[in-house]
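A quick write-up on the structure given underneath.
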Amino acid sequence: MGCIEQLKYEILLSKARFKECSTFISSNYDEYYQVQPGYRMMNVFIIGVPPIYVAVDGDNIIFPYTKPCHGTFLLTIESPEEVEKIKTTGELVK
């Protein structure tokens, strides 16, 4: 399993609820997708309360990440590979 800590990321929200993450994504991004809990991204599994929104902004992917004992964070990471993957495997919402 991978480790988000080893990647260059930016925290957009910290210690947030999943609803807050979904609202932030739907309010701030034109292109976002819905995935189910257990979706694998960046070699980690995304967990949470569905629907889980993942946004695309150029080569950046924006997603909620839950770190046990620390809470849920909304992260943005530059990853053209993950952007292409979400475009083919995620369910487009907007």
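The numbers here are math on the coordinates, done by the rules we state, and not lab data. Given the structure is predicted, the values throughout are model-derived calculations rather than measurements. Every residue, glycine as well, gets a Cβ built from its backbone with ideal geometry; the counts of neighbours run over all protein chains shown.
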Tell me which residues come under 5 Å, amide H to amide H, from Met41 once H is placed; ignore anything under 5 positions away on its chain. Ile46
Two-decimal Rg/Rh across the chain, once Rg and the Kirkwood Rh are taken from alpha-carbon atoms: 0.91
Residue by residue through the stretch 21-27, the couplings from Karplus 6.51 cos²θ - 1.76 cosθ + 1.60 with θ = phi - 60°, in Hz, x for Gly and Pro, are 5, 4, 5, 4, 5, 5, 8
What is the order of Cys21, Cys69, fewest Cβ neighbours within 10 Å to most? Cys69, Cys21
For a quick check: with amide H placed at 1.01 Å from N, whose amide H comes under 5 Å from Val93's, ignoring anything fewer than 5 positions away on the same chain? Tyr32, Tyr33, Gln34
Length-normalised contact order for the chain - Cα pairs under 8 Å, 6+ apart - percent: 35
